[in-house]
Amino acid sequence: MNTAEFQNKVLDIQANMYNFALMLTANKDDAQDLLQDTTLKVLDNQEKFVNNVNFKGWVMTVMRNIFINNYRKIVRSQTILDQTEDLYHLNLSQDSGFESPDGAMNIKEINGAINLLSDDLKVPFSMFVAGYKYNEIADKLDLPLGTVKSRIFFARQNLQKQLKHMR
């Protein structure tokens, strides 16, 4: 396939590419950016296309891969790796909410709601939030595994009721 035919094929499926980009991004501006990036990449890599391969499928795969790579780049840029000795920060997102007064107030409200729980619910729930697994909590508290799971479930339900205005 020569360059002119290849470019015509790319132009013929622009509408399909835009619809697919819109499905991936759910935003018109981002979809247009993705469409442009994909078109450029496809035109730059014309020599990698094999004639017996589905052209539209190949182009859509390129678009999907660009979208996934961009998404991963964004996620990586929003994560802070904890370099402290005791791993205190545990890879918190940069948008943790602590920076704003509203975020700090929400944290206080959530902690207050947790403190209002009975000790039977608060202790297993706090351990679960701290990273303990169900079986570890059951061993430490000398409780059956089912009881631990139930208490954590009831603590979540209770907190959802108390904090439903925050949704």
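The values are calculated or read from the model by the stated rules, or taken from the named source; none is laboratory data. Quick caveat, the model's predicted, so the values are computed rather than measured. So basically every Cβ, Gly included, is an ideal-geometry build from the backbone, and we count neighbours across all protein chains shown. When the accessible area is computed, the model is the full protein with side chains, heavy atoms only, and any ligands, DNA or RNA have been set aside. Shrake-Rupley method; radii C 1.70, N 1.55, O 1.52, S 1.80 Å.
Within the assembled protein chains, the solvent-accessible surface assigned to ILE74 is about 90 Å², based on a 1.4 Å probe.
Here ILE74 and LEU11 are evaluated by their C-beta separation; at R0 = 41 Å the FRET efficiency comes out at 0.90. Computed with every protein chain present, the accessible area of THR39 is close to 30 Å² [probe 1.4 Å]. Could you compute the FRET efficiency for SER118 and LYS140, with r as their C-beta to C-beta distance and R0 at 22 Å, rounded to 0.05? My answer for the efficiency is 0.75.
Here the simple spin-label model places points 7 Å from the Cα toward Cβ, and for LYS56 and ASP29 these points are separated by 3.1 nm. Dividing the mean sequence gap of close Cα pairs (under 8 Å, 6+ apart) by how many residues the stretch 1-66 holds gives a relative contact order of 35 percent. Beyond 22 Å between alpha-carbons counts as too far, so tell me which of LYS108/LYS161; LYS133/LYS161; LYS9/LYS48; LYS140/LYS161 fall in that bin. Correct reply: LYS133/LYS161; LYS140/LYS161.
Across the protein chains, with a 1.4 Å probe defining accessible surface, the residues PHE154, PHE6 rank PHE154, PHE6 from largest area downward.
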